[in-house]
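The values are calculated or read from the model by the stated rules, or taken from the named source; none is laboratory data. Predicted model, so just to flag it, every value in this text is computed and none were measured. Positions of Cβ are generated from backbone atoms using ideal geometry, with glycine treated the same way; all protein chains shown enter the neighbour counts.
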Amino acid sequence: MNDSIIHIENLQRNFNVGSEVVRALKGVSFNVNEGEFLTIMGASGSGKTTLLNILGCLDKPTDGSYLLDNTPVSSLTKNELARLRNTKIGFVFQSFNLLARTTALENTELPLLYNSTISAKERKKRAIAALEAVGLADRMDHTPNQLSGGQQQRVAIARALVNHPVMILADEATGNLDTKTSYEIMNLFQNLNKQGTTIVFVTHEQDIASLSKRTITLRDGIIISDKKIEDQKSAAWFLENLPVNDENI
């Protein structure tokens, strides 16, 4: 549990906008250890999206270092970055990003199609196991339009798990869901974390952040707080005590 999955040191990211230089990140440093459940918060313009893109190996820092599972990200080529993303990171997005005419099983298999070392039989086996893990054993042959929003997000989480990544990176994964479904998804994330999955969850919602174990808050490109949550809230408790009128908010 003490092994560092993410090690960031003095991370900086500048953008040239016309004749001006915008400093989106101004020297950010933190670690994420194996088995942590971290939320990253920040208002628009705080640097949250820039940091997310760097964590997901979708962008490179201007300065500073980023080690993902002891791999120095900044030195990698585009092909090496793509390989790292596919093998080390499971992505979960706000908008689900599922293929519309493809079944839940086929959507879940998708990341494995880029791994030539995995056979079609093994690919299907892993996808079935991932869907079972998120409670969709009876929905494998359904397409996205046959699934609720919460079920679609569960497929997205299964897809993120199928490659056995070192961490799941979730970007506002409850942003398009109603209150009850949001807690159901967070309950799933909490259960995955209890099983050892490292989760980095980007959110702007304080109640969602309270369900993690640690929260980093960004403002104007710097970390203004990094706090462990001593009394982690239980999403299952919120589900059990949700007022009837709030179930479909």
Note to self: Just the residues that are under 15 Å from residue 237 (Cβ atoms) and either in contact (Cβ under 8 Å) with a residue 40 or more places away in the chain or crowded, with 17+ Cβ neighbours inside 10 Å (or both), please, taken from segment 190-200.
What the structure shows: 190
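Quick grid of which residues meet (1) out of contact with any Phe, Trp or Tyr (no Cβ under 7 Å at 6 or more places or on another chain); (2) touching a residue at least 24 places away in the same chain (Cβ under 8 Å):
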{"position": "166", "(1), (2)": "yes, yes"}
{"position": "169", "(1), (2)": "no, yes"}
{"position": "185", "(1), (2)": "yes, yes"}
{"position": "202", "(1), (2)": "yes, yes"}
{"position": "205", "(1), (2)": "yes, yes"}
{"position": "209", "(1), (2)": "yes, yes"}
{"position": "222", "(1), (2)": "yes, yes"}
{"position": "229", "(1), (2)": "yes, no"}
{"position": "238", "(1), (2)": "no, yes"}
Next item on the list: Kindly list the number of the only condition in (1) under 24 Å from residue 82 (Cα atoms); (2) in a loop (DSSP other than H, G, I, E, B); (3) at pLDDT 95 or above that fails for residue 117.
Entry: (3)
Check: Is it fair to say residue 58 is under 30 Å from residue 22 (Cβ atoms) and part of a loop (DSSP other than H, G, I, E, B)?
Finding: yes
Item checked: Unmet criterion (only one of (1) surrounded by 19 or more Cβ atoms within 10 Å (Cβ to Cβ); (2) within 28 Å of residue 53 (Cβ to Cβ); (3) without any contact (Cβ under 8 Å) to a residue 40 or more places away in the chain) for residue 136 -> (2)
Note to self: Checking the conditions here, which among 102, 108 is of a type in the set (S, T, N, Q) and surrounded by fewer than 16 Cβ atoms within 10 Å (Cβ to Cβ)?
What the structure shows: 102
Next item on the list: Sort out for me the helices (runs of 4 or more DSSP H) sitting completely within segment 141-214 that have 3 or more residues that are more than 20 Å from residue 42 (Cβ to Cβ).
Entry: 149-161, 179-194
Check: Name the pairs: first residue in segment 1-22 and closer than 23 Å to residue 56 by Cβ and at pLDDT 95 or above, second residue among the charged types (D, E, K, R) and in a strand (DSSP E or B), Cβ to Cβ under 8 Å, at least 6 apart or on different chains?
Finding: 10/63; 11/63; 12/23; 12/26; 12/63; 13/23; 14/23
